Every structure is written in C-alpha cells, then in structure tokens.
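Here is the structure we will look at, set down as structure tokens.
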Amino acid sequence: MQKIALPAQWSVRAVSPSAEVPSEIRNRDIPAHVPGCVHLDLLRENLIPDPYVGKNEKLVQWIGRTDWEFSTTFSLSADALKEERVDLVCEGLDTVATIWMNGVEIGHSENMHVEARFEAKAALREGDNEIRIRFDSPVHYARAMRDRLGDLPHANSYPDCEPFHFIRKNACNFGWDWGPALTTSGIWKAIRLEAWSVARIKSVRPLVKMANERVAVVEVVADIELLIDNPREDLGIPLLFATNLDTIDPIHPYRIEHIERGMTEMKDTYFIENPLLWCPQGYGKQPLYNCVIAVGWIDDYGSEHWYDILTFPIGLREVELDTSSDDIGAAWTLKVNGQEIWCKGANWIPDDVFLTRANEPERLRERLQQACDMGMNTVRIWGGGIYETDEFYSICDELGLLVWQDFPFACAAYSEESPIRELVEAEARFNVARLAKHPSLVLWNGCNENIWGYFDWGWEQKCEGRTWGAGYYFDILPSIVKELDPTRPYWPGSPYSGSMDIHPNADQFGNKHMWDTWNEVNFSYFRKYSPRFASEFGHQAPPTFATLKGAIPESELNPFSPSMLHHQKATNGNDKLHNRLKEHFEMPDTSTEQGFVDWIYLTQLVQTRAMTTAVEWFRTRKACRGALYWQLNDCWPATSWSAIDSSGHPKPLYYASKQFFRERLLTIQPDGEHLALWAHNDTNEDWWGNASIDFRPFAEPETIEYGWEEGFRVSPRSSQRIVVLSDLEVTDKSTHYLSVMDAGAFYKHCWFFDIDKHLAYPEPKFEAELVGNRLIITARTLIRDLYLNADRVGAKANVNLVTLLPGETWEVELEGGEYDLETLISRPVLMCANWFGRKV
C-alpha cells in the first residue's frame, strides 16, 4: 500500500453569497493550513480578531453561518495509479463536506466523528491534480435538520443556542456553560491518498480476556477489504501477536479461500501464559505488547509479499463493571484484572475550541501528565465533546489512566429518525472498532444527562411521543459494543440508575451527578449524599491572573465588567459564584486592584474547599467507588469549574487534588453530633500508622487543650473509621482548630470548626529566604491555605497550597520567571486565608 500525504498548504474562500461575510474576505483566496479550521486560517492572516480576547467572540459568529471551500493541488505518480484502487482518506471532516477531485464529485460526508473514505482513482490523473472540499454552514445544516425532523428539547443554557443536537458534530462547539460559540468548519484531521491492490486492513480489534490467573486470551479480529473474487491459493492472512515490532511470523497464516469481493472478517487466537498484566495508575505497571497484523502471501521461496501491514501496542487486562444488587441498592464498581478500582479523576472536555490546537501531542501529554500528577487514575471524556485522537488514548495507555468514553450525546433529546440514525450507527461502529486496541479504554457510556433530562426536565412532555434517544442508549449502542467489543462494559448514561423504573440520579444505584451544591446550596451539602459513584460535581472559579490578563483588557479586570461577564458562560454564574463565596468570606471590594486580587484568590479557594469536602467525604463512604469532579481542563479563558486553565496554568484546585487524591488519606468528618477520624488506604498494602489529634487555640499555638494518639491499621483498598471524638468539647468554634498528624507518612490534616469569616485567625507571621530558585518559608503562627501565585512572576511552582502549623517549614522550587524575595512574599503573589477571617 502506498500512503500519499496531501500538502499542508491549502487555500480557503467563503462561497456563501451572504452579506454577513466581510468585504475584505469575499471573493478572496486565503492561505489555509491543513489540518486546521477556518477560524485559525482567518486569525493567522489577521482577518479576524482573536475570539478568545474580550468580547471578540461576538464579532465572528458569521463564520459558522458561512459556507467555505478549501482547495489545493498535488502531484501524483504513475506508480500510484497502477494500483487497483486509489482512495481519498479523510480522517476528520468538520462537518458537512462535499469533495471534488479535478472537478468530479467523489463523495459527501455529514459526520465529523468518522473517517471518510472515497474511491478517487477514476477522477485522478498522472501529474497535477486539484482537490476541492466545500463545507456547508453547520449552523444552517443543523437548523434545516431540526425543521425537517421536528424540534426536540435541550438543556444548553447558552444564549440563542443553535440546535447542536441535529448535527453529528461536537455539541460544545455551539457554546456551553463554560465555552464560547465558535462553530468551526475545516479538515480537522489528516488527509491523504491510499493506493492499494488486492486487500487492505480496515480495522483490527484485539479482544482480551483472562482464561485464568495465568493465561490471557487474545482474539485478534481483523476486518479485511478484498478486491478479488478468488484469491490465490497461497494468499494468507498472517496474524501475529509478538513482542518484536519488526517481525512478521508466517507460522500462523489464515488461508483465504473463495472470498467474494468486499469485506471479510479474519480471526486468530493467542494464549499468553504468565502474561504481564496492564494495570491502572496506582495499581501496578503498564506493560505493552506489540501486535503485528499483515495481509498478503508468501511465495515458494519464503519471500513475504504484504499488501498491508499494521503494528501497534496492546495491553493485557480484563475489565468489568460490577452492578450486582446489595443491601443498599446496586453496586457500580469498575474492576480491572478482577480488582476493584476506586476511580479518582475528573471529566475531560476538548482542550481547545480549535481542535487541531487541542490535539497537539505535546499538549495532550502535558495535560494528561498533570492529571496523573494530581493523583488521578481516571478521566471521563464527556459526551458534548469528541472521540479523542488515537494519540490521546495511547498516552493514557502509557500512563495507566483509565478512560471512560461517552458517546457524543449531551444534554438534549436526540432524534432517532433518518438520516441521524444511520449517521449515529456508522459513527459508533467506526469508533468502537478504532479504539478497541487501547487498554486504557474501560467503559463506553451512552449519553450525558439525557435520561435524567427525560425524567426531570419536562422532556417527556415536550417530545410528545417522538423518539428522544432511548433507542440509541438502550439498543443500538449496546448492541454495537456487544458485537464489536464484548470485552468492555457499556452503560446507558451518566447519571443512570440501571433501570427506567428507578430515578436515574438515585443515590443507591448507578452513577450520580450533584449540581445543587453549586447552583443552590453550600458545598457542605455534599455530605448529604452517599453515591455509589460520583461522576459529576463541581464548583466554579476564575482562571489564573496570567490567563485573565491575556484575555481581558486591563481596564476590565473586574468580575462585573462586560468582558469578564462574557467569559462567564454559566446562567447567573457570577451570582452563584458570589453566593457561595459570601457563605464563607466577606465579599471583597472588587472595584479596587487589591479587591480583584482578593476575589481571584477567595473564589479559587472556595472551589478547592468544595472539591476537598466532596472527595474526602466520598472516600469515607464504603459504598462509593469513585469520584470524577467537573472538570479537569478548559477550552478557552473562562471562569469555569476546571482545575487547569486554558493556558495550562494550575489553579489552586490542582494542588488540592494532590492532597485529596493521595493514596493514603486521613480526614476528619462529621459523625452525628461528633467528629470522627477516617482513613482511606488506596494501596495494595496494609497501612500501619500512628495518628495524633491535637485541639489548639489560634492565640496560643503551643497549647494543646485536647489530645488523642493511637496506632491504626487499614486494610488494602479500603476505608475505615479510626476514632469518634465523642469526648471533645468545643465552646468557641471561632478560636480553635484540630490538627491531625501521621508521623510515619509525613501527613497532616486540619479541621476548622466554623466558616472563615467567623474565625479569629492570627495575623500570619513567618520567616522567608530565597536560595537560588527555592523559596523557604518557616511559619511562626498558624497559616492557613498559603498559596504562591507563581504565574504572576512568570514561574511554575512544584508545590503549592499548604497549611502550616507554627514551626513548620515549606519549601517551593520555582521554574522560570523573574522575581526577588520581597516580591514572592508580598501580596498579590503570596496569599493566605488568615487575612480574610474575623476582624478582631
């Protein structure tokens, strides 16, 4: 097979007659880069303002309402045309595309989530060729499909939201409560020609299961496309599973006889004794074997003639979803290699609105490594986004990050009529087969919140008996997964209880979303829940100052400015943000520069407190088997629920996650009228510790008014209540705190008895020195939630967000930036909660 890459340099022009198209762009060929999209091409040529800055998003809405045509020329050799077939292979077309080769229409595609392949040989010629791809407006297509099939309800609160659920395109591209409406068109993945004869490998699905503890069974299923009616007798399909990437072993040829023209499925099975098992992060190592698949023949002299060959790594592991009934309701527990996994992680959205930027391998690796560095072992790819690139899953394979993959259905009722139904089925078949080789992928999920919406948001009445997506979630999608990849579990939705007779967001069954703790009530309300699996919950905060400064005009660095509000996409988002803030702190005067600085720190701090409260509580609930907060990352500069902002800068939640996702956790939690010390041991070994609890006044840090100390043992992968502090009496909640220490694990946890604005914190006192790039701070008083805004000096901090007891030393290593000691230890670079307690 010959694979011929098409040029990266194309041109694009607006082909809509619309008066919306600016005059300087009409009838103009604009240099374009492929892969890419129209927005990036226009931005590169300075024909539009940066839509991430200020309110510029509003100025470029016409792009999504415009038809665009991409074109380029390329040269083709006579050798390529000697092959029986020459296909145009488009790995990703966004979205409604018609393709012409040398003026001849060769194909049409209406789904960005699939690879589009078109026979092109008849339209090609030796020498120079021209290709044109026209993209119809995705906005107009979605509107027309809605009008054709009948409108259906959705829950997207984005103002004037277009009907995103009537086009097979990433839903969030039409705007979401954390992202802009920048509806793209373009060739978003690689595009090439493939010249081939006789046979090609369409896809390979290595299906792995364990026969017993010592034997792994790998059934390699290859989908083959053949161009011949009766292959030669000696034509075979050697299927090889080997550790040597470069070797094709002809010992296992799969002979082909009397195969008709078209597709066929070939299988070979391997039994691997004493396999090296692939394990999730924190549960073992991630060894990968190399699998080599070839189609061809071997002549009488032993020479190999391969028409097509694929080589890729796979991991040996078995995965299941335990939903067995118990005395509470029903379990919802992922198991890998028979071991229960406590899933610690977050929800993933596209890392940039413009997907070619989001898909850069270095960027993906950085973001996924950040997830691992936070102690995460799981990411959920949310249903309003995309099926990520193969590079994404390969990185997760290497890192041991489990991937929960939503099918792209989110927050809407979806039509099951033609042509949407056929598009969905082809999309599911393509992606289930494409991703089957990745051991990190452990769960297929039907939809995001659609079943919940049908139950609680009035959709049943609005649908008026029409289809709404149930046929996808309960029939088509599970059938395709069962047919193509029966080794992976499927679940209809998030949230979903496991039965349409039980509320989809029940505590005792399935997986649960919790959003009243952001929308309506204080985050302490998390402790009202005991979910079997917490798959969505979150709390907003603004991005880092460095990111804000790059996106908001300096004159508008205020929470209530037009540009700041434009980057707050949640309905009444600032009202909710400030309601939650004022439950704990006094609202700073944001009309001043210092007040804005304080606002950023305090809102970010409340976010960390909310997620710490939720995760630590869930880790003490013995029936709960996972916590995936919303959300890991951002797609543009915004006030959102993310731990990492759109520039890749960690917010304080990033550092808090390192603490509440640590393998061994000690935490104080309410227990009726008292407090209790809990431990969660997320390791394979017994945890032998010695815990001490001290009750201290702020004013006299050396005084211990109550003390408890005792050894403990916690079994592997379990939580345990260590002690109930039934004899602790607290007469003034505003003047004391508890500190918990485990000397052996060098672990510390603190409990405060009231909200910050009621606490009589001491004035923070400390000594500091700067040794090279190391800032060393020694506390002389209690200092709560000490945080270094390293982004303000252009640096990165290796550790951050700590509470120091008197006499404790904190050392921070800085990477990059320009600073001196005075800058580092002064506001706004250095912040702490002590400054925002009760004024005394």
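The values are calculated or read from the model by the stated rules, or taken from the named source; none is laboratory data. All figures in this text were calculated on a predicted structure; none of them were measured in a lab. Backbone-built Cβ (ideal geometry, glycine too); neighbour counts: all protein chains shown. Heads up: the accessible areas ignore ligands, DNA and RNA and are worked out on the full protein's heavy atoms, side chains in. Shrake-Rupley method; radii C 1.70, N 1.55, O 1.52, S 1.80 Å.
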Exercise. Hey, got a sec? Which trypsin sites (Lys or Arg not before Pro) in the range 107-143 land in a DSSP loop and have at most 15 other Cβ atoms within 10 Å?
Worked result: Arg125
For this session: Find how many whole Å separate the alpha carbon centroid of the range 565-637 from the alpha carbon centroid of the range 824-840.
Result: 18 Å
Exercise. Using a 1.4 angstrom probe with every protein chain in place, what is the largest-first accessible-area order of Cys161, Cys291?
Worked result: Cys161, Cys291
Exercise. For the chain, what is the calculated [θ] at 222 nm in deg cm²/dmol (nearest 500), taking -39500 (n - 2.57) for each run of four or more DSSP H residues and dividing by its residue count?
Worked result: -5000 deg cm²/dmol
For this session: Give me the accessible area of Lys3, 1.4 Å probe, in Å² rounded to the nearest 10.
Result: 120 Å²
Problem set entry | Residue among Gly383, Ser734, Asn173 farthest towards the positive dipole end of the chain, charges placed on Cβ | Ser734
Problem set entry | the range 542-674: projected area of the alpha-carbon convex hull, averaged over directions, in nm² | 9.5 nm²
Problem set entry | Euclidean distance of C-alpha centroids, the range 644-683 and the range 67-145, integer Å | 51 Å
Exercise. For the range 382-463, max minus min Cα coordinate along each principal axis, in Å, sorted largest first?
Worked result: 47, 27, 15
For this session: Mind scanning Lys55/Lys549; Lys169/Lys202; Lys267/Lys437 and naming the pairs with a C-alpha gap bigger than 18 Å?
Result: Lys169/Lys202
Exercise. Roughly what percent of Cα-Cα pairs across the range 264-423 reach past 29 Å?
Worked result: 39 percent
Problem set entry | Accessible surface, per residue, of the chain when the full set of protein chains is kept, probe 1.4 Å, Å² | 38 Å²
For this session: Post the alpha-carbon centroid distance, the range 446-514 to the range 20-48, in whole angstrom.
Result: 41 Å
Exercise. For the range 15-110, with only Lys/Arg (+1) and Asp/Glu (-1) charged at the beta-carbon, what is the dipole magnitude about the Cα centre, in debye rounded to 20?
Worked result: 380 debye
For this session: Roll a 1.4 angstrom probe over the protein heavy atoms and tell me the percent of accessible area of the chain that is carbon or sulfur.
Result: 46 percent
Problem set entry | Loop-located GluC sites (Glu not before Pro) in the range 140-234, at most 12 other Cβ atoms within 10 Å (DSSP) | Glu213, Glu233
Problem set entry | Nearest 10 degrees, 0 to 90: helix 573-582 Cα axis against the chain principal axis | 20 degrees
Seminar exercise, completed: Burial-style ranking of 439-449, 359-369, average other-beta-carbon count within 10 Å with highest first, yields 439-449, 359-369
For this session: With everything on Cα atoms, drop me the angle between helix 420-435 and the longest principal axis of the chain, reported from 0 to 90° to the nearest 10.
Result: 80 degrees
Problem set entry | As computed over the range 264-356, the Cα convex hull volume per residue (Å³) | 250 Å³
For this session: Let me know the Kirkwood hydrodynamic radius for the range 62-155, please, with Cα pairs as the basis and the value in Å to one decimal.
Result: 15.0 Å
Exercise. Of His566, His305, which has the most accessible area with a 1.4 Å probe, and how do the rest follow in descending order?
Worked result: His305, His566
Problem set entry | Stretchable slack from Val771 to Lys482, in nm (0.36 nm times residue separation minus alpha-carbon distance) | 98.1 nm
Seminar exercise, completed: Quick calc: nm separation of the 7 Å Cα→Cβ label points for Asp501 and Gln720 -> 4.0 nm
Exercise. How compact and how long is the range 118-216, expressed as Rg and Dmax of its alpha-carbon atoms in Å?
Worked result: 21.5, 59
Seminar exercise, completed: For the chain, longest principal axis from Cα atoms; helix 138-149 axis from its Cα atoms; angle between them, nearest 10 degrees, is 80 degrees
